[in-house]
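Some notes on the structure that comes next.
The values are calculated or read from the model by the stated rules, or taken from the named source; none is laboratory data. Keep in mind that what you see is a predicted model, and the values were worked out from it rather than measured. All Cβ positions, even for glycine, are placed from backbone atoms using ideal geometry, and neighbour counts span all protein chains on display.
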Amino acid sequence: MTARARKVLITRSESDAARVAAQLAARGLDALIEPLLAIRHLPQGAQVLTPFLDGVQAVLLTSANGARAFAAATPRRDLKILAVGDATAAAARNAGFADVTSANGKVEDLAALAIASLKPARGALVHAAGTVTAGDLAGLVGAAGFTLRRVVLYEAVPAERLSDSIREAFARGEIAAALFFSPRTAATFVRLAAPIGGDCARVAALALSPAVASSLRGLPWRSIIVAAAPNEAALIEALQMIVETEPSP
């Protein structure tokens, strides 16, 4: 990266982006945070969730946002938690849950973890979800004989425009890379950045998974790089490789 273009765009929500920004700062990189999805807990979450917890043997979490929304909707912290990845597991632990296991992957890995470590006869599973979900978690665990109760506890509202500061940073060539963690966030950025699409030709887009990369293809990025594994650590390692291999003036 050049001395001028050493800024990295983080498109996550504020709570998650702050943690990523701290990791980048430790590597000598400046972060620009532009949340593209506003997370809103549904006001009736506690009322809806309570009856779903009767006889449940475990809760499945497919995002850190789901972990926080679930924690906000119930005072219980005695439940067994299976999380899709390490960031989601960390969010659950930070919320006070002690029995937390990470699948360290994607929805398919979470389903495999549930099937391997739980028994259908021991009770239903609860999926703390948003209004929009990825993957077929219910189908995967259902095929193994489990009952999955999906409870919608939050919604992710897409941004309506990019901030002026981010548009200007792209125009000045200050952004060297952009991090994308979900297909919906990537698609939102592609839609909002259409008027400044040409400025993306100088930027490397780093995607958490092939599905995220596919949603980025509507812009002329300098490159699209997929993390070696679908987790935050792998995405940051991919960014580090760019930092180490690109010449500085």
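Can you pull out the residues in the stretch 74-87 that are buried (at least 22 other Cβ atoms within 10 Å of the Cβ) and either farther than 12 Å from PRO230 by Cα or not assigned by TED's automatic domain parsing to the domain that holds GLN47 (or both)? If you could, list the steps in order and put the result at the bottom.
Pass one, the stretch 74-87, residues buried (at least 22 other Cβ atoms within 10 Å of the Cβ): 81-85.
Within the stretch 74-87, ILE81, LEU82, ALA83 qualify.
The rows are residues; the columns are (1) over 22 Å from VAL107 (Cβ atoms); (2) touching a residue at least 24 places away in the same chain (Cβ under 8 Å).
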site	(1), (2)
ALA169	yes, yes
ALA187	no, yes
ALA205	yes, yes
SER209	no, yes
ALA227	no, no
ASN231	no, yes
ILE236	no, yes
VAL243	yes, yes
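Filter the stretch 142-153 for residues that are in contact with a helix residue (DSSP H, G or I) (Cβ under 7 Å, 6 or more places away or on another chain) and in a loop (DSSP other than H, G, I, E, B) and give the result. Walk me through it before giving the result.
Going through the stretch 142-153, the residues in contact with a helix residue (DSSP H, G or I) (Cβ under 7 Å, 6 or more places away or on another chain) turn out to be 144-146, 148-151, 153.
Answer for the stretch 142-153, where residues must be in contact with a helix residue (DSSP H, G or I) (Cβ under 7 Å, 6 or more places away or on another chain) and in a loop (DSSP other than H, G, I, E, B): ALA144, GLY145, PHE146.
Does the stretch 39-75 hold any residues that are over 24 Å from the mean Cα position of the chain (by Cα) and either under 21 Å from SER13 (Cβ atoms) or modelled with pLDDT of 95 or more (or both), and which are they?
LEU53, VAL56, GLN57, PRO75 - these are the residues of the stretch 39-75 that are over 24 Å from the mean Cα position of the chain (by Cα) and either under 21 Å from SER13 (Cβ atoms) or modelled with pLDDT of 95 or more (or both).
Quick one: GLN57 ticks every box in (1) surrounded by fewer than 21 Cβ atoms within 10 Å (Cβ to Cβ); (2) touching a Ser or Thr at 6+ places or on another chain (Cβ under 8 Å) except a single one, so which number is it?
Single failed check for GLN57: (2).
Mind counting the residues in the stretch 100-125 that are in contact with a Phe, Trp or Tyr (Cβ under 8 Å, 6 or more places away or on another chain) and not hydrophobic (A, V, I, L, M, F, W, C)?
Step one: filter the stretch 100-125 for residues in contact with a Phe, Trp or Tyr (Cβ under 8 Å, 6 or more places away or on another chain), giving 114-115, 118, 120, 124-125.
Keeping just the survivors that are not hydrophobic (A, V, I, L, M, F, W, C) gives 120.
So the answer is 1.
Only one of GLY130, GLY145, GLY123 is buried (at least 19 other Cβ atoms within 10 Å of the Cβ) and not assigned by TED's automatic domain parsing to the domain that holds ILE224; which?
GLY130
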